[in-house]
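Here the structure is laid out as structure tokens; the discussion comes afterwards.
The values are calculated or read from the model by the stated rules, or taken from the named source; none is laboratory data. This one's a predicted model, so the numbers in the text were calculated from it and none came from an experiment. Neighbour counts are summed over all protein chains in view; Cβ atoms, including those assigned to glycine, are modelled from backbone coordinates with ideal geometry. Keep in mind that these areas ignore ligands, DNA and RNA; they rest on the heavy atoms of the full protein, side chains included. Shrake-Rupley method; radii C 1.70, N 1.55, O 1.52, S 1.80 Å.
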Amino acid sequence: MLAAVFKGRGKVTLDERDRPVPAADEVLVRVRAASICGTDTKIIRGGHFRVGPDETRVLGHELAGDIVEVGAHVRGWQVGQRVSVVPNIGCGRCDMCRRGLNNMCPDYDAFGINIDGGFQQYMVVTAAALAGGNLFEMPAAMSYEEASLVEPLSCCFNAWKDLTVTPEDRVLILGTGPIAGMFLQLARAYGARQVIVVGRRAERLAEIAPLGATDTVDSSRADVVDEVMRLTGGRGVDVALTCAPAPGLQQQAMAVLARYGRLNYFSGLTKGTTVEIDTNKVHYWGLKLLGSTGSSIQDYARALRLVESGKVRVSDVVTHRFGMADAVAAFDHALSGKGMKTIIFPQEERL
Ligand SMILES: [Zn+2]
Ligand SMILES: [Zn+2]
């Protein structure tokens, strides 16, 4: 089989490998769609604390496929079932895991991070993943592409659920990547009265706005704070999400937050970066400053239903599709920062 293998900073090659053989307590999945995430490109650029400098790894944690082999001791799964995967597997023993927060487990394993993931034609689903509830059967009408995108949506949903968005709320989304696109769709699905998206490139704003924005702000032309205040009649926004790793966006979000505003720092910053916060504003205005990372099994289950019901159309953030023969080109494309979401279809040679 073919696998796109990460071999240290900046290096991914398409290799012929033996098809993995599942153990008696494992399942083998034929990967049908695997989408490239900002985390994958970050790993390719700079490595990851869970991937050793001399290790090789098949990346890819946003994937769907069908079961082709079931180990003799596995119960409840059959060959032919269409499935998708929650990548983060909790240890099952810590305080976070016991609360159902597998994404917050300090001792997690994850597909595409320290277990071979989706950018290969066949992938083993480990016993721990099966026991942890990390394998989901896909709804019948869902495409593999959509199912592969439930994972990033579930991370958005994890952030979204604590922002308690109502139809009275004005929402600000800073960034124009696929995550920003999914937040635009969530804002629309939850009926926010106004949804403003901020980006620094006009063509990206034009691409993303139809997903759910009522207003756009081009930060290369306008002062973001002034423009958001103008667009909201001087009131500011109730909810803000920072979806790009720029400290300036966090400061802008804070500056335009209205009374009782909620902010989620969705995108992390380069390690060691700090941003000043006016804590008096937090105190007197009753602000909620939140963070989130990854998604729990429950977040994933809920995101799956948002896609199944058509409330969020995840395929609308996909701009580029590649077959397995062009997997390396797909990563080059994603690394170039062009377009929104790039998907690899490991069973197709070329698209
Ligand atoms: Zn991801
Ligand atoms: Zn744990």
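Nonpolar atom fraction for the stretch 163-291, defined as the carbon and sulfur part of the 1.4 Å probe accessible area, stands at 50 percent. Please figure out what share of the DSSP beta bridges in the chain is antiparallel and state it in percent, rounded to the nearest 5. Restricted to the chain, the bridges split so that about 50 percent are antiparallel.
Taking Cβ atoms as reference points and 15 Å as the exclusive limit, the residues near MET1 contribute a net charge of -4, counting Lys and Arg as +1 and Asp and Glu as -1. Loop-located trypsin sites (Lys or Arg not before Pro) in the stretch 80-180 (DSSP state not H, G, I, E or B) with no more than 13 neighbouring Cβ atoms inside 10 Å: ARG93, ARG99. Karplus-based coupling profile of the stretch 198-210, in residue order and whole Hz: 10, x, 10, 10, 4, 5, 5, 4, 5, 6, 8, 3, x, with θ = phi - 60° in 6.51 cos²θ - 1.76 cosθ + 1.60 and x standing for Gly or Pro.
Kirkwood Rh over alpha-carbon pairs of the chain, then Stokes-Einstein at 37 °C and 0.692 mPa s: what D in µm² s⁻¹, rounded to an integer?
The Stokes-Einstein estimate is 158 µm²/s.
Computed from Cα atoms, the angle from the helix 297-308 axis to the main principal axis of the chain rounds to 80 degrees.
Loop-only check: which trypsin sites (Lys or Arg not before Pro) in the stretch 19-50 are DSSP coil with at most 15 other Cβ within 10 angstrom?
Values: sites: ARG30, ARG32, LYS42, ARG45, ARG50; in loops: ARG50.
Passing both the DSSP loop test and the Cβ count: ARG50.
Taking ARG200, ARG302, ARG75 as the candidate residues, the one with maximal mean-square fluctuation in a Gaussian network model of the chain, Cα springs under 10 Å, is ARG75.
Accessible surface computed residue by residue for the stretch 163-291, with neighbouring protein chains in place and a 1.4 Å probe, gives 47 Å² per residue. Taking the chain as a Gaussian network of alpha-carbon nodes connected by springs under 10 Å, the highest mean-square fluctuation of the residues ALA213, ALA202, ALA325 belongs to ALA202. Normalised per residue, the accessible area of the stretch 1-81 is 48 Å², obtained with a 1.4 Å probe and no contribution from ligands, DNA or RNA. Annotation: lysines with alpha-carbon distance below 22 angstrom to LYS7 (same-chain offsets under eight excluded): LYS42.
Trypsin sites (Lys or Arg not before Pro), restricted to the stretch 202-267: which are DSSP loop and have at most 10 other Cβ atoms within 10 Å? Within the stretch 202-267, the qualifying trypsin sites (Lys or Arg not before Pro) (loop, at most 10 other Cβ atoms within 10 Å) are ARG221. Proximity of backbone amide H atoms, modeled 1.01 Å from N, is registered between VAL237 and LEU257, ALA258 at under 5 Å, excluding neighbours fewer than 5 places apart on the same chain.
Straight-distance candidates among the aspartates and glutamates for linking to LYS281, with alpha-carbon spacing under 15 Å and chain neighbours fewer than 8 residues away dropped: ASP238. Rounded to the nearest 10 degrees, the inclination of helix 247-256 to the longest alpha-carbon principal axis of the chain is 50 degrees. Taking each residue as 0.36 nm, the span from ASP162 to LEU290 lengthens on full extension beyond its C-alpha to C-alpha distance by 45.3 nm. Anything over 32 Å Cα to Cα? Flag those among LYS11/LYS311; LYS161/LYS341; LYS271/LYS341, in the order listed. In this structure, LYS11/LYS311 exceed 32 Å between Cα atoms.
Given the rule -39500 (n - 2.57) for each run of at least 4 DSSP H residues, summed and divided by the residues of the chain, what is its mean residue ellipticity at 222 nm, to the nearest 500 deg cm²/dmol? About -8000 deg cm²/dmol.
The residues packed around VAL171, meaning those with a beta-carbon under 15 Å from its beta-carbon, carry a net charge of +2 if Lys and Arg are +1 and Asp and Glu are -1.
Near LEU290, the amide H atoms lying under 5 Å from its own belong to LEU263, ASN264, TYR265; only residues 5 or more places off or on other chains count, and H is placed 1.01 Å from N.
Once each part is reduced to its C-alpha centroid, what is the distance from the stretch 317-345 to the stretch 87-116 in angstrom? Cα centres, the stretch 317-345 to the stretch 87-116: 28 Å. Projected label points at THR56 and THR13, each 7 Å from Cα along the beta carbon direction, are separated by 0.7 nanometres. Within the chain, the longest run free of GluC sites (Glu not before Pro) that sit in a DSSP loop with at most 16 other Cβ atoms within 10 Å is 56-167. For LEU351, the shell of other residues with beta-carbons less than 12 Å away shows a net charge of -2, using +1 for Lys and Arg and -1 for Asp and Glu. Computed from Cα atoms, the angle from the helix 150-161 axis to the main principal axis of the chain rounds to 30 degrees. GNM remark for the chain: springs join alpha carbons under 10 Å apart, and the peak mean-square fluctuation among ALA127, ALA140, ALA246 falls on ALA140.
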